[in-house]
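Before any comments, here is the structure.
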Amino acid sequence: MEYSDIIIIGGGAAGMMAAAAAGDALSSGGNISASVTLLEKMPRPGRKIMITGKGRCNLTNTRKWNEFSGHIHPKANPLKAAFLNFDSEAVTEFFGRHGLETVIERGERIFPASGRAVDVVDALVRAVSEAGVTMHTGCEVSSVKRASATDSEDTDRMSDGAMPEGRFLIECRDGRTFSCSRLIIATGGLSYPATGSTGDGYAWARDMGHTIKRCFPSLTALVPENYKISSAASGPRSADASGLRTSNMGSATGDILKGHIDRSVPLSETGALLNGNHIKNVGLTLYADGKLIQTEFGDLDFTDGGLEGPIGFRISRKCVNTLINGGRVSVSIDLKPAVEKEALERRISSLWQEIASDGRNRGKKYEDRFRILLSRLLPSSLAAGFRRSVRNIDHKRLASALKDWKMDIRGFVGYERSVITAGGVSTDEIKPKTMESRLVPGLYFAGEVLDLDGDTGGYNLQTAFSTGFLAGQSAAEDLA
Ligand SMILES: Cc1cc2nc3c(=O)[nH]c(=O)nc-3n(C[C@H](O)[C@H](O)[C@H](O)COP(=O)(O)OP(=O)(O)OC[C@H]3O[C@@H](n4cnc5c(N)ncnc54)[C@H](O)[C@@H]3O)c2cc1C
């Protein structure tokens, strides 16, 4: 069994930042004999960072706490001390010190100047190594336990003697074992499991007495009714097929999510017509059980998953949360938010007369003239999908339909393609000034494994960096 003073499980954004902060804090505090070890199950660390920001990695943004905090869910307060201790200026300064130049783009978002997410990973790996941390990759932790009084007496189990009470015992899938006096769990959430994030930390936290707030995918595609072929949509079949029922998820997060529709379920004819449309500057309103819940304005994408893009993602948290709890959800898209309905009605009426009096349209059927009308009001790629999705419509009711394009939401794309996992280790049980557990001394949490999730725009990585930095720094200071 290998002993290290501090062990971090998970070499993602939070874990690598925690490792670098712990190593740096130990050496600046003169504690050069203490050791820090990082365990990562994938062959290389930072796999998820590589796919962030479409391969460009939006690593943070320039927002100060009073603005930043409005984008953190379910409540921002548990993050405040970590953020103020290591804010976005500190993050960019940290990366600068480790050889990564950054640039500020539209929306105050910060990216690596190279435009390459891999450079963020390389900078973190350099920081970890310069901080004197030992990193083991390909090292999948299979169990975590805190030594009890019995373990301390059980000299047979330990090749190198008795295990002091309160130490953490870590077993890996390949048979390696580790122990430590300070443990940081930074195993991420459940999203994009192929990157290594399969929710392992939840089960260990729960076994050590922590509450796991119900997990669900967020920043994910919402699937309108009739968008996917219905035979495969929703229900346990699609959920099982996507692997939602893995042992960790089953035991620690508890369930198959009602409303999950796997990304791979094929599109219906309507979905195929709408897929690929990126519409700019529209309004989107979310209704849960008939009540208006949220209204957003901006860009919306129809993809092979369903409704996505900035405003689709913005409503996804509340939408998924309602669906998994058995509620009904619908949305209304306002395709002409800059025009009042009455003005739009007048415009449509005059366009309709123009089309009717155009000699080229003489003898054309109503449906063909209606199609011409639509093509004057919408891009042709969208017009076809809109026409198919909105039944029983004529030119008199078109203004209402364009201002209030209603869709029932049948479900959502799950962890296989959601950007983030909402829910996780309850922040009520974490000391916000150190990230240490209130229940288990010496145990710390950082990153997405916590019940903290942010909107798109660099909020999630900043949260991982802030909590990781504070956890690493606190664990090191606690050793002194
Ligand atoms: C497609 C996509 C795009 C995104 N884009 C952005 C963006 O541009 N900006 C932004 O702010 N956020 C973005 N995010 C969110 C952001 O990537 C995450 O919130 C962040 O990476 C979480 O960091 P973490 O360290 O907590 O978890 P992770 O990055 O998931 O790291 C956890 C690590 O733990 C390891 N691990 C898990 N279990 C074990 C085990 N049993 N033993 C050993 N190791 C284990 C995993 O292999 C993994 O490396 C994006 C997410 C996705 C999926």
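The values are calculated or read from the model by the stated rules, or taken from the named source; none is laboratory data. All of these numbers come straight from a predicted model, not from anything done at the bench. Cβ placement follows ideal geometry from the backbone for every residue including glycine, while neighbour counts extend to all protein chains displayed.
Of everything in segment 421-446, what is within 15 Å of the ligand (Cβ to nearest atom) and over 11 Å from the mean Cα position of the chain (by Cα)? Give them in sequence order.
Correct list: 424, 425, 427, 430, 435, 444, 445, 446.
Out of all the residues in segment 118-139, which are in a loop (DSSP other than H, G, I, E, B) and among the β-branched types (Val, Ile, Thr)?
133, 137 - these are the residues of segment 118-139 that are in a loop (DSSP other than H, G, I, E, B) and among the β-branched types (Val, Ile, Thr).
Does any residue of segment 301-317 turn out to be assigned to a helix (DSSP H, G or I), surrounded by 17 or more Cβ atoms within 10 Å (Cβ to Cβ) and of a type in the set (Ser, Thr, Tyr)?
Yes, segment 301-317 contains at least one residue that is assigned to a helix (DSSP H, G or I), surrounded by 17 or more Cβ atoms within 10 Å (Cβ to Cβ) and of a type in the set (Ser, Thr, Tyr).
Limited to segment 258-317, what total is found for residues that are at pLDDT 95 or above and either in the same structural domain as residue 54 (by TED's automatic domain parsing) or of a type in the set (Lys, Arg) (or both)?
Result for segment 258-317: 4.
Consider residue 455 carefully, then state whether it is within 11 Å of the chain's Cα centre (by Cα) and surrounded by fewer than 24 Cβ atoms within 10 Å (Cβ to Cβ).
Yes: the conditions hold for residue 455.
Over 20 Å from residue 408 (Cα atoms) and of a type in the set (Asp, Glu) - does that describe any residue in segment 329-341?
Yes - at least one qualifying residue is present in segment 329-341.
Quick check: anything in segment 34-57 over 21 Å from residue 188 (Cα atoms) and not small (Gly, Ala, Ser)?
No.
Select from segment 178-208 the residues that are near the ligand (Cβ under 9 Å from one of its atoms), of a type in the set (S, T, N, Q) and farther than 15 Å from residue 467 by Cβ and list them in ascending order.
191, 195, 197, 198
Tally time: how many residues in segment 411-430 are under 11 Å from residue 261 (Cβ atoms) and of a type in the set (Asp, Glu)?
Selection size over segment 411-430: 1.
If you go through segment 51-71, how many residues are of a type in the set (A, V, I, L, M, F, W, C) and within 12 Å of residue 461 (Cα to Cα)?
2
If you take the residues in segment 378-420 that are basic (Lys, Arg) and more than 16 Å from the ligand (Cβ to nearest atom), which one is nearest to residue 453 (Cα to Cα)?
So the residue we want is 410.
Those residues that are within 9 Å of the ligand (Cβ to nearest atom) and over 15 Å from residue 465 (Cα atoms), I need them from segment 56-79; list them, please.
Hit for segment 56-79 is 56, nothing else.
Which of (1) within 15 Å of the ligand (Cβ to nearest atom); (2) crowded, with 21+ Cβ neighbours inside 10 Å; (3) aliphatic (A, V, I, L, M) is the odd one out, the single condition residue 42 does not satisfy?
(2)
Tell me yes or no: at least one residue of segment 152-163 is buried (at least 20 other Cβ atoms within 10 Å of the Cβ) and at pLDDT 95 or above.
no
Check every one of the helices (runs of 4 or more DSSP H) wholly within segment 1-104 and list those with 1 or more residues that are at negative phi, more than 25 Å from the chain's Cα centre (by Cα) and polar (S, T, N, Q).
Once the helices (runs of 4 or more DSSP H) in segment 1-104 are filtered for at least 1 residues that are at negative phi, more than 25 Å from the chain's Cα centre (by Cα) and polar (S, T, N, Q), what remains is 13-28.
Kindly indicate which of 10, 30 is within 11 Å of the ligand (Cβ to nearest atom) and assigned by TED's automatic domain parsing to the domain that holds residue 452.
Sole residue among the options that is within 11 Å of the ligand (Cβ to nearest atom) and assigned by TED's automatic domain parsing to the domain that holds residue 452: 10.
Which of the residues that make up segment 46-72 are in contact with a strand residue (DSSP E or B) (Cβ under 7 Å, 6 or more places away or on another chain) and surrounded by 19 or more Cβ atoms within 10 Å (Cβ to Cβ)?
Selection gives 53, 57, 58, 59, 60, 61, 71, 72.
Do we have any residue at all in segment 359-378 that's under 20 Å from the mean Cα position of the chain (by Cα) and polar (S, T, N, Q)?
no
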